[in-house]
1. Quick check for the range B:3-322: number of Lys pairs with alpha-carbon distance under 29 Å, counting only pairs 8 or more apart or on different chains?
2. Compute the distance in nm between two label points, each set 7 Å from the Cα along the Cα-to-Cβ direction, one at A:Ala171 and one at B:Ile41.
3. So which trypsin sites (Lys or Arg not before Pro) in the range A:105-162 pass both tests, a DSSP loop state and at most 12 other Cβ atoms within 10 Å of the Cβ?
4. Could you state the angle between the C-alpha long axis of helix B:36-55 and the longest principal axis of the C-alpha atoms of chain B, as a value from 0 to 90 degrees rounded to the nearest 10?
5. Below 8 Å, C-alpha to C-alpha, sequence gap of six or more: please give me the relative contact order for the range B:366-617 in percent.
6. Just to be sure I understand the model, the point goes 7 Å from the Cα along the line to the Cβ. What's the resulting B:Met24 to B:Phe88 distance in nm?
7. Restrict the search to the range B:478-536; then list the chymotrypsin sites (Phe, Trp or Tyr not before Pro) that DSSP places in a loop and that have at most 14 other Cβ atoms within 10 Å of their Cβ.
8. Going by alpha carbons, how many degrees (0 to 90, nearest 10) lie between the helix axis of B:483-501 and the longest principal axis of chain B?
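Just so you know, all these numbers are worked out from the coordinates, no wet-lab data involved. Keep in mind that this is a model prediction, so the values were computed, not measured. Cβ sites come from the backbone with ideal geometry, for glycine too, and all protein chains shown count toward neighbours.
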Amino acid sequence: MDFYLQQLPQQLVNGLTLGGVYALIAIGYTMVYGILSMLNFAHGEVYMIGGFAGWWVLHLLSRGNAPIIHASLVISLMLIVSMLVAGLLGISVERFAYRPLRRAPRMNLLLSALGVSIFLQNLVLHYQGAKARFFHVSSLIPEDIRVFQIGNVVFSFMRILVIVVAFLLMALLTVMVKKTKVGKAMRATAQDTEAATFMGIDVDRMIVLVFLIGSALGGIAGALVGLLFTQVDYYVGFQAGLKGFTAAVLGGVGNIFGAMIGGILLGLIESLATTFFPATYKDVVAFVILIIVLIFRPWGLMGEKIPEKV
Amino acid sequence: MEQGFISKELSKKHKVILYAAIGMILAVVPHLMPNNYWLRIYTMTGLFVMLALGLNVVAGFAGLLDLAYVAFFGIGGYIFAFLSSNHFDIHLPFLLVLPLSALITMGFGFALGATSLRLKGDYLAIVTLAFAQIFKLLLLNLDRPINITGGVNGIFDLDPIDLFGLKIVSPVIYSYLIWFFAILVILGSFRIKRSRFGRGWEAIREDELAAEAMGVNTTWMKLMAFAGGALIAGASGTLFASFQDSVFPNNFDFPQLVVIYCMVILGGLGNILGVVLGAILLSILPEFLREYGAYRMMSYGLILIVLMALRPQGILGEIGFLTKGKRRPDKDETGVLKTSTDLYYKEGDQVDRDGWKPKYKVGDRPILELRKITMNFGGLMAVNDLSLTLHEREILSIIGPNGAGKTTLFNLISGIYPPSSGNIFFKSSDITGLKPHQVVEAGICRTFQNLRLFNNMSVLDNAKVSQFSRTRSGPLSILFQLPRHKKEEMETEKVAKEMLSLFGTRLTGYRFGQKAIFLSYANRRRLEIARAMSTNAKLLMLDEPSAGMNPQETIEITSFIKRLRDHYGYTILVIEHKLNVVKTISDRVIALDYGVKIAEGIYDEVANNRQVIEAYLGRKRN
């Protein structure tokens, strides 16, 4: 037991990092679900492509394994480009695969999303190959701050970066949704699309905006994970997407704030689970949680039976 | 759709010829294959036909988006590997393992169905996907601490199939074996689709609540869909494991599932011939893309996207020349346009002419009794302490302003919600808390205010669904076409046609085969009633039967309702806003307001009741 207690603070830090990433992914699911009531299967792929975008920026700005411009600039560019690429990808997916099906049965929409997911995954497989791409991040960060220790908890620069960026973006999004006019329009559209139209809100634009923001957050999550675990391959989107969705469900699908909490919770649960189970079963734990929550509390842990959407 | 041209019109003789032709083709084709590579593809095609048809049961017939389907395929494969190899040193004969693994897999399907039954659409998809992922992770990781699944390396060197001493090893024999089962599955699919099961599933896919309210045991039927799909997947898995002589986790992964989904969707969900064609196309065509690697899977993704946008019904759905016998609804047999007055007045209004005497009158015995029924929606009392008695063959109208709790009352009686308190008795037995399909079985059926027909099913099938609770044939009697099933099918058809013909020619003749969605509004209202009557109900609950009808149609439906009692002896509970209708048909009227009964009696009493007038028009200021 002592061993576990000693491990606890470290697992909390790890969990918080992972949780920040899951929360960013979950927001994309939950926003789209809130407004279109559809499960965007392709969101995991958007995350994966965000990761690749980050890798390409790093690759192009490096000679050998060293960056050609200042490291902070490289990292910022990686994050911004991954958001842009993912955001644009999200919008195009909406335009070509989902918009034609706006009035179709839900099952058709879901199958189309499945198609997009498979298509994007294999597109990347074709052009980037099956082998994982490595992020040579060691040269980006001076050795003295790369890893440091407080008490018996090991921190790394990247972990802190991930936590800071994730929480900053979530705070920004919260302000946007709660305080701005656009945020209000978005919430209105999520509650009742038709009524929102009658009140003069351009619903199509809101949907595009939701895909833009959600996908951008998914994309940056991909880049952050790349920096953190230093690799990306064409298949990471599938698992990450499922995790993100689990997080969204934990918090109550459609509820942005819930997605954030759900993500962090899932991250914590997973890291704690690795102290008790072999690491290979950590995914099994996440999926079992997903199944249990969906069956017994499909409206989420925190949400009410009818969750506040967006 | 395919029923029209495949089976009904084929005589026995034609059937024999068809079977012989198929048999010949299957016997010859393996020998025509240029090499073993193509022979293997041919055999795998048969396997994919099976797999796609199994998925078609769950996703196509019942409309359940089951993403764990590929796991059942895997379970079947691994069971064979466990029970028929050196892995655990168990060597059961194939003829025992095949049914055993199919049945065990079916058990898993049943279990998955039971856990995820409450979920719909996206949630069902994601839960089943999570199950599939757990299955794959277990396959990959259960080689330690004790080696169960063989991990990434899988299990190989399985026992060869031994059929009564004849060892099956040659690829040609394998192709015969697998295509033999594929043909069985095709045949079974056709039989099940044309049965009470097929109609029940289709009804669930169209409108689950309406299906339940017409007597379909939706919970059971969904479980049967999961189990049926798993059974076929399990058998396919076993055949596949034996054919490949090994099993690996990768054989049963997500891309495989996508391929099978593409086959089903390309063919059209629920369309058997389409799915077979889809499976054949997608097994063979991608071979030509083999050199292009990832393009193959990319093309599957594109197929899904493009099909969903342009042809969600699949390649074979509703192609004109294949669905023969389908006539333009607005033309008669000779192709001459019908005028709308023909449709309305041809039958005329013969009911109240000639002074015929009513056969039935109100009886004395109570048939339905509500005792102190309350329905509390989180503080809102939709129905409050309501008691009422309905006598045999009585027509009782319920009136009241919007939000008075009329439709809630119907929902309570028909079992859609259980009441918060109080009891409901039908023919002196307590039916409180029964599920809607059980209420139908007891003899009560309803119509819906907002029309909830099975829009994409034919008029005749809409009515046939209602016989679900009156028939008992199980999957075995359907698959083997036992006399019981045949008898029940004839009875079902007879009842459905009889009920539809009560509305003159409006729902009969060429209309039998017409989709419900193409009917006129008034005809859809009529079909709602005919469908409810086809459940052999004694008590009909009609929710605003004349809503949206024009004056002529209203007069007609009014006398029709009266005739239902006078002529056929139904007991009728009706919600109606048009007071002319209420006045003409009612033996008694009940007025509700805010869930409370404010007046009861014959029409004139209720209509002149002060409280009723206030409820409709408001109170006078003093």
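1. Here the count comes out as 10.
2. 6.0 nm
3. When the trypsin sites (Lys or Arg not before Pro) of the range A:105-162 are filtered for loop state and at most 12 Cβ neighbours within 10 Å, A:Lys131 remain.
4. 20 degrees
5. Computed value for the range B:366-617: 27 percent relative contact order.
6. 4.7 nm
7. B:Phe480
8. Once rounded, the angle reads 40 degrees.
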